[in-house]
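The values are calculated or read from the model by the stated rules, or taken from the named source; none is laboratory data. Bear in mind that the values here come from a model prediction, so they are computed numbers and not experimental data. Here the Cβ positions follow ideal geometry from the backbone for every residue, glycine too, while neighbour counts run over all protein chains shown. Surface areas here come from the heavy atoms of the whole protein model, side chains and all, with no ligands, DNA or RNA. Shrake-Rupley method; radii C 1.70, N 1.55, O 1.52, S 1.80 Å.
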Amino acid sequence: MKNNKNLKKILSPLPTISVSLLNSDLANLKQTVELVERAGVRLIHLDIMDGHFVPNLTFGAPVIKCLRKYSGCIFDVHLMIENPQKSISNYIEAGGDIIVVHFESVSRKQLLKIVSLVKKFGRFVGISIKPKTDVEKIFKYLPLVDLVLVMTVEPGFGGQKMLNNCVSKIKILNKYREENKLEFLISADGGINEGTIVEIINSGCDVPVVGNAIFSDKNFTKKIRFFNSLTKKLKFDNKKY
Ligand code: DX5
Ligand code: ZN
């Protein structure tokens, strides 16, 4: 997906889920991306961890490049790595469509460089904040980015319980977006399941990331269809208000 279009338009109708593969059977990634796409998913969330920025270690650009051959989904690349400025072009070349960097992992100058590099290659750029980072700190960058990823757990592991105090950040971002007529999308990541997704979406989240709630079920494609129809219904319900 190489273009300079508006991410909101490409992903509409919103909200839409982004499926995190972190808690899937990592020995079967090819089959999983194929099944996920066939189940009606448009966004695949790829969690890149380096064992430094977060204690866990996953996979990198070479794996994304291999998966790219088997999927037409939008690859939403969540970089939980130190010094992302050093390897950002690898993730672009590998076929990442939305490149998300952590605000805490870069200097302001590096962040601006990353934003312009990603845009130069016609991809979308996102900025993510950890639970302890104040959302106000990223306000000045919001006109420049396509997406904000609000972490609703401490990054590093799938299957954690959502931290309720992070939901207020989604509400603050949604209000700020409306007041300033901005176009960035709001995504949220961590502990999103049947019980928490309604509150997340009603707070203003356009792209809830769902991982463990899908892959903890043996019949994960059925679970994907459940989340897809639930998000459609929530959109419908929202219209009533
Ligand atoms: C955690 C990751 C998440 C995670 C999703 O650091 O960024 O993407 O896999 O969380 P769960 O598994 O709770 O849906
Ligand atoms: Zn993630």
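Of all accessible surface on the chain at a 1.4 Å probe, what whole percent is carbon and sulfur?
Details: 5830 of 11180 Å².
Taking all protein chains in place, the chain shows 52 percent carbon and sulfur surface.
On average, how much accessible surface per residue is there in segment 14-234, in Å², for a 1.4 Å probe, leaving out ligands, DNA and RNA?
Ligands and nucleic acids excluded, the figure is 42 Å² per residue.
Dipole magnitude of segment 14-234 about its Cα centre, charges +1 at Lys/Arg Cβ and -1 at Asp/Glu Cβ only, in debye to the nearest 20?
The calculated dipole for segment 14-234 is roughly 360 debye.
Expected output is a single nm value to one decimal: the length gained when fully extending between residue 8 and residue 119, i.e. 0.36 nm times separation in residues minus the C-alpha distance. What is it?
Numbers: separation 111, 0.36 × 111 = 39.96 nm, distance 1.55 nm.
Full-extension gain reported as 38.4 nm.
Lys/Arg Cβ at +1, Asp/Glu Cβ at -1, dipole of the chain taken about the Cα centre: which of 115, 220, 102 is farthest positive-ward?
115
Between 226, 53, 157, which gets the highest mean-square fluctuation from a Gaussian network model of the chain, Cα cutoff 10 Å?
226
Give me Rg over Rh for segment 14-234, both radii from the alpha carbons and Rh done the Kirkwood way, two decimal places. The partial results should precede the final answer.
Numbers: Rg = 16.0 Å, Rh = 17.2 Å.
Reported Rg/Rh (Cα atoms, Kirkwood Rh): 0.93.
Considering the chain as a Gaussian network with a 10 Å cut-off on Cα pairs, which listed residue, 208, 55, 131, attains the greatest mean-square fluctuation?
55
Relative contact order (percent) for segment 158-241, with alpha-carbon contacts under 8 angstrom and 6 or more residues of separation?
Numbers: 83 pairs, mean separation 24.0, N = 84.
Normalised by residue count, the contact order of segment 158-241 is 29 percent.
Normalising by the residue count of the chain, find the relative contact order in percent from Cα pairs under 8 Å and 6+ residues apart.
Contact order relative to length: 23 percent.
Name the most mobile residue of 187, 89, 20, meaning the one with the largest mean-square fluctuation, in a Gaussian network model of the chain with Cα contacts below 10 Å.
Highest fluctuation among the options: 89.
Among DSSP beta bridges lying fully in the chain, give the percent that are antiparallel, nearest 5.
So the antiparallel bridges in the chain amount to around 5 percent.
For n ≥ 4 DSSP H runs only, could you compute -39500 (n - 2.57) per run for the chain, divide by its residues and tell me the 222 nm figure to the nearest 500? Each step should come with its number before you reach the end.
Details: 9 runs with 86 residues, N = 241.
It comes out at -10500 deg cm²/dmol, rounded to the nearest 500.
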